[in-house]
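For reference, the structure is listed below as C-alpha cells.
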Amino acid sequence: RARSPYPLLIGADLERGAGQQFEGATRLPPVAALGALDDLETTRRAGELTAREALALGVNWVYAPVADIDVEPRNPIVGSRSFGGDPERVAAHVAAWVEGCRAAGALACAKHFPGHGRTVADSHAELPRVEAGRAALEMDLLPFRAAIDAGVDSVMTAHVAYPALDPSGEPATLSGPIVTGLLRGPLGFDGLVVTDALIMEGVLGSGRGEAGAAVRALAAG
C-alpha cells in the first residue's frame, strides 16, 4: 500500500468471519445459524466484527454476505452459506450484515447475483441453469434489493444461466441483460460489480478461457 500510487482493494471470502481465512481471528458459525437465531442485532454485530478484524489484517473488501436463498435441497454449493429459505428473512439479515460491515469501515459484497439458491449443479465444475420463471426469480432478488437499500458497496455475479432473464443462456457474469439491464437498471445499483472467480468452469465453458471470460464480463457491465 505504501508503494502504490493508488488505493488498493484487498479482498477475501470471509463469510464465516475473518477466522475463515486467518488463523487467530474469530471464526463465526455458518450464517444459516444466524438466520435460525433470527436476531438482527446479532447478525449486524457479526458483520461488524468480521469487518473490524479484516481491516486489522489488511483486508478492506469482504466478499460477504451471501444473499442467496436456500430453496433447493439438492443444491451442492449454497446450503448453510445462506441465511435460510424465507426471502424476507434472508433480506433482513443480509441488510443487517451489510450495515454492520460498513459501520466498521470495510466494503461489503452481496453474492451471488441474481441468486445461486435454485441451482442443482456446482458452478465451480459446470454451468448451472435455473429454469425458474421471472416471478420466482423476483423472490430471489429480494435480498439483493435489501443489500442495495442498505448501501452495499459491491455485488458479485453468479456463473449461472437464467433463461427467464437472458434467453441466450449466458452465465450472469457475462450477461449484459442481467448485469446492465437488471442490476444497473431496475435495481438501481451504481457500485462495484465483481465476478465470481474466473477459474470456475461455470464461466470458462466452451474453452473461452480466463482472458476471454474477463473481456466478456467487462463487456457485460
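Read the figures in this text as sums done on the coordinates, not as results from a lab. In this text, all values refer to a predicted model and were calculated from it rather than measured experimentally. Ideal geometry is used to build each Cβ from the backbone, glycine not excepted, and the neighbour counts take in all protein chains shown.
Whole-percent P(r), the stretch 100-153, all Cα pairs, 5 Å bins from 0: 4, 18, 23, 18, 16, 13, 7, 2.
Annotation: amide H of residue 156 within the under-5 Å range of 110, 111, 113, 194, sequence separation 5 or more or interchain, hydrogens built in the peptide plane. Positive contributions from Lys and Arg (+1) and negative ones from Asp and Glu (-1), summed over other residues with Cβ under 12 Å from the Cβ of residue 124, come out at -4. Comparing 32, 96, 67 in a Gaussian network model of the chain (Cα springs below 10 Å), the most mobile by mean-square fluctuation is 32.
The modelled label-to-label distance between residue 4 and residue 201, using points 7 Å beyond Cα along the C-beta direction, is 3.3 nm.
Using DSSP to call loops (not H, G, I, E or B), can you name the trypsin sites (Lys or Arg not before Pro) in the stretch 72-121 whose Cβ has at most 12 other Cβ atoms within 10 angstrom?
74
Qualifying GluC sites (Glu not before Pro) in the stretch 112-212, where qualification requires a DSSP coil assignment and no more than 12 other C-beta atoms within 10 Å, comprise 131. Measuring nothing but how far apart in sequence close Cα pairs (under 8 Å, 6+ apart) lie, relative to its length, the chain scores a relative contact order of 17 percent.
Given the -39500 (n - 2.57) contribution per DSSP H run of 4+ residues, what per-residue ellipticity at 222 nm results for the chain, rounded to the nearest 500 deg cm²/dmol?
Computed mean residue ellipticity for the chain: -10500 deg cm²/dmol.
Please work out which option in [x] 26, 21, 16; [y] 36, 18, 14; [z] 29, 21, 17 gives semi-axes √(5λ) of the Cα gyration tensor in Å calculated from these coordinates, and answer with its label. Here semi-axes √(5λ) of the Cα gyration tensor in Å agrees with entry [x].
May I ask you to derive the relative contact order of the stretch 39-111, considering only C-alpha pairs under 8 Å and at least 6 residues apart, and to give it as an integer percent?
50 percent
With contacts taken as Cα pairs under 8 Å at a separation of at least 6 residues, the stretch 1-132 carries a relative contact order of 27 percent. Amide H contacts of residue 107: 61, 62, each under 5 Å away and 5 or more positions distant or on a separate chain (H built 1.01 Å from N in the peptide plane; Pro and chain starts excluded).
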